Amino acid sequence: MSRFLVLLGATLLLWQALRSVVQQIGGEQNRVGPDPRAPEDRPREVTGKLVRCVRCGVHLPQERAILDGGQAYCGESCRAKAPATTAD
Ligand SMILES: [Zn+2]
């Protein structure tokens with residue numbers, strides 16, 4: 001009977017170890033995906049979302065973009081060249 005208890009204890013320890021390993025792997029996989037609470041994973045200081053200049057198509061952080069009429073521009077030159085209304 002005592003052997004059975006030892007075996008049971010060893011099985012439980014092994015099970016817990018396996019669970020912790022699986023949780024670590026799962027945690028690493030979750031970090032690969034987009035996580036807004038992990039700014040240190042980003043290569044630059046870009047924390048906001050990227051927007052696309054409707055004039056030249058360049059992508060830039062939304063905080064640096066010039067927003068005009070609901071459209072994003074990379075700079076004053078693009079905004080000046082942009083048509084007043086976009087036919088969609
Ligand atoms: Zn532009």
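Throughout, read-outs are computed from the coordinates displayed, never taken from laboratory work. If you're wondering where the values come from, they're calculated on a predicted model, not measured in any experiment.
For region 48-57, backbone phi angles converted through the Karplus equation (6.51, -1.76, 1.60; θ = phi - 60°) give residue-by-residue couplings of x, 8, 7, 10, 10, 5, 6, 8, 10, x Hz, Gly and Pro being listed as x. Under a 5 Å amide H cut-off, with hydrogens placed 1.01 Å from N, ARG55 pairs with CYS74 among residues at least 5 apart or on other chains.
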